[in-house]
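J.: Here it is: the structure, laid out below.
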Amino acid sequence: MSMRELVILGTASQAPTRQRNHNGYVLRWDDEVILFDPGEGSQRQMLHTTVTATDLTRICVTHFHGDHCLGLPGTIQRLSLDRVPHPVAVHFPAGGAEYFARLRHATSFYETAELHVEPIEADGQRIALRCGTLEARRLRHPIETYGYRLVEPDGHRMLPEKLAAYGIAGPAVGELNRVGHLDRDGRRVTRDEVSVPRPGQRFAFVMDTGLCDAVYALAEHADLLVVESTFLDAEAALAAEVGHLTAAQAARVAAESGVRRLVLTHFSQRYADPRRFLDEARKHFDGDLVVAEDLTTVQVPPRRVASTG
C-alpha cells in the first residue's frame, strides 16, 4: 500500500530551542523516502519517529546555511553504519559542492553506502523518479538556494461499472490503462470510455526565500505545501532584508496558488507562542492549515475525487 506523508523532525530556524530542533523533514511518497534539509540533530530526531536511515532513498538540501545542512555528516555516516543496501541520491545547489564535500567527509569513517551525488545546476532542473518528477526552482536568498516540488503525472481512474459493461477484468484492465485501448469482441474500447481523469498529486518544499515568482511556481496547486514562515508581519521589512517570508506572505501564496494543505515551519526563536503564526496566516488562508511541531506527522490529503460526468 502506498503511503504519502510528511514526518517533521525539526522546525526551528537558525538556532534550535528547548522546544524545537533544527530543521529536518522526511517525505514518504510511495517507494521514495526523501530527507529534506537535515539540520543538526536530525539523526537523533529520527530515532523518535518511524523513519530509519535505511528507509531513505534521497536527500535534498535547499542551501548551505547550517540550520539546513549540519545534520548531513551524521546522516551520511549512519547510512554506511547501517549498510543501506540501495543507492541514495543527494541533491543540493551546485555552487555549494565544496560545502557538501566537507560535510560528507567531516570526520573519519568507512564509507560503504552508495551515494549518487546529483547537484542542482540550473533553475527548473528536473529529476525523473518512478513516482513522477522532482523539480528544483531558484529562490531569493543571500546564497544559492533551491526549492523543490514533486509532481505526479496525471492519470485515470477506472470505473468498475463501465469496465464490467464491456466484460473487462483482471490483467486486461492494466493493459487498457497502459496502452490506452483494448480490442474486445470486435470493438475497440478506449480508456476514456471507461475512466475519468485522475489529477496527479503535488508536494512542494519552500525554505529560506524572499517573496518571488519561484515561490508561486513551486506552490501552484500543491496538495501539500511546506513553507518557511520565519517572521510575523510586524517584521516584514526585516524578512525582506534577509530573504525570508512572513506567515502572512506564506498564507497568501497558498491561497493564490490553490494549495490544499499548508504547513508553516522554520520559526524564528524570537516567538515563543506558535499560535501567533496560526492567527496571522488564518487571516489570508481558509484552507487546511498546520503550524508544524517537532516529531509530528502530516498526511498528504487524499486525492481529489474526479467527476464521473
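The values are calculated or read from the model by the stated rules, or taken from the named source; none is laboratory data. Worth saying up front: this structure is predicted, and the values here are computed from it rather than measured. As a convention, Cβ positions derive from the backbone with ideal geometry for all residues, glycine included, and neighbour counts pool all protein chains shown. For the accessible areas, the whole protein counts, side chains as well, though only heavy atoms, and no ligand, DNA or RNA atoms are used. Shrake-Rupley method; radii C 1.70, N 1.55, O 1.52, S 1.80 Å.
J.: Do you know which residues across the stretch 135-154 are under 27 Å from LEU224 (Cβ atoms) and surrounded by fewer than 13 Cβ atoms within 10 Å (Cβ to Cβ)?
T.: Across the stretch 135-154, the qualifying residues are PRO153, ASP154.
J.: Looking at the stretch 174-188, can you tell me whether even one residue there is open to solvent by less than 50 Å² (accessible area, probe 1.4 Å) and touching a Leu at 6+ places or on another chain (Cβ under 6 Å)?
T.: Scanning the stretch 174-188, I find at least one residue that is open to solvent by less than 50 Å² (accessible area, probe 1.4 Å) and touching a Leu at 6+ places or on another chain (Cβ under 6 Å), so the answer is yes.
J.: Please verify whether GLU40 is of a type in the set (Asp, Glu) and closer than 24 Å to THR230 by Cβ, treating the condition exactly as stated.
T.: The answer is yes for GLU40.
J.: Sort out which residues of the stretch 241-252 are crowded, with 24+ Cβ neighbours inside 10 Å and farther than 19 Å from ARG275 by Cα, and write them in order of number.
T.: HIS244
J.: Continuing with this model, one more query. Assuming ASP286 fulfils every condition listed in (1) in contact with a strand residue (DSSP E or B) (Cβ under 9 Å, 6 or more places away or on another chain); (2) not in a helix (DSSP H, G or I) apart from one, which condition is it?
T.: If we test ASP286 against (1) in contact with a strand residue (DSSP E or B) (Cβ under 9 Å, 6 or more places away or on another chain); (2) not in a helix (DSSP H, G or I), just (1) comes out false.
J.: Does GLU175 fit the bill of being of a type in the set (Asp, Glu) and in contact (Cβ under 8 Å) with a residue 24 or more places away in the chain?
T.: no
J.: Would you mind listing the strands (runs of 3 or more DSSP E) fully within the stretch 192-240 where at least 1 residues are open to solvent by 10 Å² or more (accessible area, probe 1.4 Å) and either modelled with pLDDT under 95 or basic (Lys, Arg) (or both)?
T.: Ranges flagged: 195-198, 202-206.
J.: Please verify whether GLY96 is closer than 25 Å to VAL33 by Cα and out of contact with any strand residue (DSSP E or B) (no Cβ under 7 Å at 6 or more places or on another chain), treating the condition exactly as stated.
T.: For GLY96, the condition - closer than 25 Å to VAL33 by Cα and out of contact with any strand residue (DSSP E or B) (no Cβ under 7 Å at 6 or more places or on another chain) - is met.
J.: Would you say PRO160 is under 25 Å from ARG303 (Cα atoms), over 19 Å from the mean Cα position of the chain (by Cα), open to solvent by 20 Å² or more (accessible area, probe 1.4 Å) and of a type outside the set (S, T, N, Q)?
T.: Yes, satisfied.
J.: Just to be sure before I move on: is ARG137 of a type in the set (Lys, Arg), under 17 Å from the mean Cα position of the chain (by Cα) and not in a loop (DSSP other than H, G, I, E, B) in the structure I sent?
T.: Yes; evaluated as a whole, the condition is true for this residue.
J.: Are any of the residues in the stretch 155-168 among the acidic types (Asp, Glu), on the phi < 0 side of the Ramachandran plot, at pLDDT below 95 and outside any loop (DSSP other than H, G, I, E, B)?
T.: Let us first name the residues in the stretch 155-168 that are among the acidic types (Asp, Glu), namely 161.
From what is left, the residues that are on the phi < 0 side of the Ramachandran plot are 161.
Within this subset, residues satisfying the condition of being at pLDDT below 95 are 161.
Subsequent filtering for residues that are outside any loop (DSSP other than H, G, I, E, B) retains 161.
The answer is yes, given that some residue of the stretch 155-168 is among the acidic types (Asp, Glu), on the phi < 0 side of the Ramachandran plot, at pLDDT below 95 and outside any loop (DSSP other than H, G, I, E, B).
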